[in-house]
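Accompanying notes for the structure given below.
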Amino acid sequence: IYNNTIDDLGGGGIRIGEPAANIELANANQVSNNVITNGGHIYQMGCGVLCQNAKDILISSNEISYFRYTGVSTGWTWGYGATLVSNITTAYNHIHHIGLGYLSDMGCVYTLGHQPNSIIRNNLCHDVQSYNYGGWGYYTDEGSRDERFINNIALRTKCAGHHQHYGTDNVLENNIYYNVNVGDVVTPGRSKIIMNSCDTAIRSSQHNRNVLTCHPNKDPK
């Protein structure tokens, strides 16, 4: 999917793969050089780009803006266990004005589950405002694993520049989080100030794991 303008959307912009891991896995798709904007008018949870069970995917050089939820979301498998998702590249995207105060628990780039050989690099994220908690720049949510975040920028985010909910074997390298954790500003979805600040520049929370079945040097079971 190249060189398109995708605008004025009831839900999300582009979807790759399905929630269930099917035998015919979506693979070798590219989403590049698109303008994807102004979404979620009916289904507010719509993402700019949603990539679920898939492999060998490139999401690059897109401008994604004015969604009421997340900009780019990949994985959608929960926990540390093995998945079919792998080699997802999210790079050189300009993602801005995300959330707009309508929903919570989101970010410019949101990942879930085990995604070996996946990289998020050279993205610019700014102006993220959730309704309540969780307006983050980069968000490695439940069980995110084997991902590299390199050379990304986050600024003017309500909460942290990066939130690692729980996961393992992820690398954050040479990223810039500037003027993050700014708290609420008035937005179309929330006209009042609920939180003056949210957390910190980088936030991490923990979840117990069984090192016998989820060891850093072994494939997950």
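The values are calculated or read from the model by the stated rules, or taken from the named source; none is laboratory data. This one's a predicted model, so the numbers in the text were calculated from it and none came from an experiment. Counting neighbours? That spans all protein chains shown, and the Cβs are built from the backbone with ideal geometry, glycine included. Only protein heavy atoms, including side chains, enter the accessible area calculation; ligands, DNA and RNA are left aside. Shrake-Rupley method; radii C 1.70, N 1.55, O 1.52, S 1.80 Å.
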Mean Cβ-within-10 Å packing, highest first, puts peptides 143-156, 182-195, 67-80 in the order 67-80, 143-156, 182-195
With each pseudo-label sitting 7 Å past Cα toward Cβ, what's the residue 194-residue 8 distance in nm, one decimal? 3.0 nm
Where Lys and Arg each count +1 and Asp and Glu each count -1, what net charge lies around residue 173 among other residues with Cβ under 13 Å from its Cβ? +1
Give me the number: length gained by fully extending residue 148 to residue 18, i.e. 0.36 nm times residue separation minus the C-alpha to C-alpha distance, one decimal in nm. 44.5 nm
Rg and Dmax of the stretch 1-121 over Cα atoms: what are they, in angstrom? 13.4, 38
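Return the carbon/sulfur percentage of the accessible area of the stretch 22-168, one whole number, probe 1.4 Å, all protein chains in place. All intermediate terms of the calculation are to be shown ahead of the outcome.
Working: 2380 of 4600 Å².
Taking all protein chains in place, the stretch 22-168 shows 52 percent carbon and sulfur surface.
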Each label sits 7 Å from Cα toward the beta-carbon; between residue 119 and residue 173 the label points are separated, in nm, by 0.9 nm
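Would you mind working out the magnitude of the charge dipole of the chain relative to its Cα centre, with +1 at each Lys and Arg C-beta and -1 at each Asp and Glu C-beta, to the nearest 20 Debye?
Working: 14 positive and 17 negative charges, 68 e Å.
About 320 debye.
For the chain, compute Rh as the Kirkwood radius over C-alpha pairs and then the Stokes-Einstein diffusion coefficient at 10 °C and 1.306 mPa s; write the answer in µm²/s, rounded to an integer.
Values: Rh = 17.0 Å.
Answer, rounded: 93 µm²/s.
Please calculate how many Å² of accessible area the stretch 1-92 carries per residue, with a 1.4 Å probe and no DNA, RNA or ligand atoms counted. Walk me through the intermediate numbers first.
Details: 4160 Å² over 92 residues.
Using a 1.4 Å probe on heavy atoms only, each residue of the stretch 1-92 averages 45 Å².
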Would you mind classifying the stretch 1-43 by shape? Square roots of the alpha carbon gyration tensor eigenvalues, ordered a ≥ b ≥ c; an a/c under 1.5 is rounded, otherwise it is prolate if a/b is larger than b/c and oblate if not. oblate
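Full extension from residue 27 to residue 104: what is 0.36 nm times the residue separation minus their Cα-Cα distance, to one decimal in nm?
Working: separation 77, 0.36 × 77 = 27.72 nm, distance 3.01 nm.
So the chain would gain 24.7 nm between residue 27 and residue 104.
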